[in-house]
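The values are calculated or read from the model by the stated rules, or taken from the named source; none is laboratory data. Remember, predicted model here, so these are calculated numbers, not experimental data. Reconstructed Cβ throughout: ideal geometry from the backbone, glycine too, with neighbour counts over all protein chains shown. Just the protein is used for accessible areas: all its heavy atoms, side chains included, with ligands, DNA and RNA removed. Shrake-Rupley method; radii C 1.70, N 1.55, O 1.52, S 1.80 Å.
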Number of protein chains: 2
Amino acid sequence: MAAPEGMFVLEGRPTAQLIADQLRELIVQGAFSPGQQVNESALASQLSTSRGPLREALQRLCQEGILVSKRNRGVFVLELSADDVKEIYAVREAVELAAATTLLDSDAEEVADTCRELKGIIRSMAKQVAASDWQAIARLDMQFHTSFVSGTGNTRLIRIYETLAAESRMCILSLEVAYPRIDALVQEHQMILDLLETRDRMGLQGAIKRHMQKAVEDLTSKPEVTGISV
Amino acid sequence: MAAPEGMFVLEGRPTAQLIADQLRELIVQGAFSPGQQVNESALASQLSTSRGPLREALQRLCQEGILVSKRNRGVFVLELSADDVKEIYAVREAVELAAATTLLDSDAEEVADTCRELKGIIRSMAKQVAASDWQAIARLDMQFHTSFVSGTGNTRLIRIYETLAAESRMCILSLEVAYPRIDALVQEHQMILDLLETRDRMGLQGAIKRHMQKAVEDLTSKPEVTGISV
DNA sequence: GAACTGTAGATTGTCAACAATACGCGATCA
DNA sequence: TGATCGCGTATTGTTGACAATCTACAGTTC
């Protein structure tokens, strides 16, 4: 029997992963300060679960890198240094360049699907820029790039990028309202989209490299990269 | 007080990670068949630990991708398809290309350190080829590439690559004694080393791409990619 | 004989109590 | 006055037991 429309297995994924997703969203939104300790018992109560599942979720986020664990001490929210920012964006560049290559080697219609998605995200982004909703802008920024990588269909590449996206949002969080050159942001993404549509391989690669390089400059120019300043 | 030489914090890393490392080594060595279910209680007893830490270790390996978890069913050893092989090597290519770029942009002495390390690995590899120890060859093969990426010093890139290395060893495992063109293997690694030493950027990139492409061909040419045939 | 239903077994998911460890504060001693 | 030692507290690490869920097999009905 085929699964009826609108009906799907309830919570097919492991519980720990659900908790982890929830926590990740909280962290990248800045609900915890960098370096802050995450108390197991307290969080378990708040999320109305037990320490077991929560521990597994925390450990998951440790592996992703947005939490760090110290034995017999507990887990702490990652503090980002300038070196971390450079690392993250270096890996992002590698992944996106690979994604670009894969995309341009694939069928035109698949690329078209991705472009359609990206176009919608840019539209939303422009809207949020007008509203100056920085939290939303950061989310859409990463959503753009995640969709770009998702276009490859390479599940491993996508999974890697999701982690990078979370870390990037933590980076951007430290910039806060000081998202520099806000109009350039939409413009740069639009350019990447255009180059993808016109299948300009060299141009696309160059645009991605520049996009990453500028991001690192913006993020590391600030004296304190790691503080939250809500 | 500075830590005395030769003395370091005992088991500074979380227990689950130690168990995970142990299990990963067992899996990539083929101690479990692909698709086989991993029983929590049984394994916990064997490793003389409790189910709690073991669960965390299993979950860790799930996140890495060499185990897959089905809710209320348990965890199973990953079964590799031809598509998986393509994915893995596509990501490896992306990571190694990025590593090559970073390495060639860095100081000459750092590159020299890496080259020294790689040279030693190739020497060991040649020795094991003579002895036809396939398990050791596979380990050295991945050790070579892992060292290559480690040369960049990018901890995130390194962590990503360690996962890929584990998956690659699982791929190679299915090839078993049929490591094709065994002399070419040493030769190809030697060439990568030479191109790194002479800082031939284009040549190195090309060599890496060819190396990966050939590996995929070797691995997918076999009718059954997923079976173990000890 | 085929399909469905109910039960049995096994395995995972969750929980709460216990043990071990590290940090912070106060007392002690040089 | 300064450093060191010891204790108390808080937090994590671990364990075993209990509950929930799924698969497989047997029994029943059409």
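A few remarks follow.
- Note: relative contact order over the stretch B:82-221, using C-alpha pairs below 8 Å and six or more positions apart, is 39 percent.
- Size descriptors for the stretch A:122-163, from the alpha-carbon set: Rg then Dmax equal 12.0, 35 Å.
- Working value for chain B: equivalent-ellipsoid semi-axes of 31, 24, 16 Å, each the square root of 5 times a Cα gyration tensor eigenvalue, largest first.
- Viscosity 1.002 mPa s, 20 °C: Kirkwood-radius Stokes-Einstein D of the protein assembly as shown over Cα pairs, µm²/s: 90
- Length-normalised contact order of the stretch A:15-77 in % [C-alpha pairs under 8 Å, at least 6 apart]: 42
- Label point 7 Å beyond Cα along the C-beta direction, distances from residue A:182 to other copies (nm, shortest first): 6.6
- Chain B: angle of helix B:108-131 to the longest principal axis, Cα-based, in degrees nearest 10: 70
- The stretch A:5-131: projected area of the alpha-carbon convex hull, averaged over directions, in nm²: 12.2
- Neighbourhood net charge (9 Å Cβ-Cβ; Lys/Arg +1, Asp/Glu -1) for residue A:111: -4
- Ordering A:29, A:68, A:49 by the projection of their Cα atoms onto the charge dipole of the stretch A:15-77, which places +1 on the Cβ of Lys and Arg and -1 on the Cβ of Asp and Glu, puts A:68 at the extreme positive end.
- The separation of the stretch A:91-153 from the stretch A:183-215, counted between C-alpha centres, amounts to 11 Å.
- Separation of the residue A:199 and residue B:47 label points, Cα + 7 Å toward Cβ, nm: 4.9
- Charge dipole (debye, nearest 20) of the protein assembly as shown; +1 at Cβ of Lys and Arg, -1 at Cβ of Asp and Glu: 900
- Relative pair counts by distance (%), Cα atoms of the stretch B:15-77, 10 Å bins: 24, 64, 12
- Leading residue at positive end of dipole, the stretch B:70-229 (Cβ point charges), from B:212, B:115, B:168: B:168
- Rg ratio (alpha-carbon, reference 2.2 N^0.38 Å) - the stretch A:95-136: 1.50
- Under a model in which nothing but the beta-carbon of Lys, Arg (+1) and Asp, Glu (-1) is charged, the stretch B:15-77 shows a dipole of about 280 debye around its Cα centre.
- Apolar share of the accessible surface for the stretch A:82-221: 51 percent from carbon plus sulfur atoms, 1.4 Å probe.
- Inter-copy label distances at residue A:15, shortest first and taken from points set 7 Å along Cα to Cβ: 2.0 nm.
- Helical mean residue ellipticity (222 nm; -39500 (n - 2.57) per DSSP H run of 4+; nearest 500) of chain B: -23000 deg cm²/dmol
- The stretch A:68-172, Rg to Rh (Cα coordinates; Rh as Kirkwood inverse mean 1/r): 1.05
- Candidates A:65, A:120, A:151, ranked by Gaussian network fluctuation over chain A, Cα under 10 Å, top entry: A:120
- A Cβ-based charge dipole, computed about the Cα centre of the stretch B:82-221 with Lys and Arg at +1 and Asp and Glu at -1, lands at about 120 debye.
- Plainly put, the tip 7 Å out from Cα toward Cβ on residue B:72 is 4.1 nm from that tip on each other copy, the closest given first.
- Alpha-carbon Rg with Dmax, taken over the stretch A:119-210, Å: 13.3, 35
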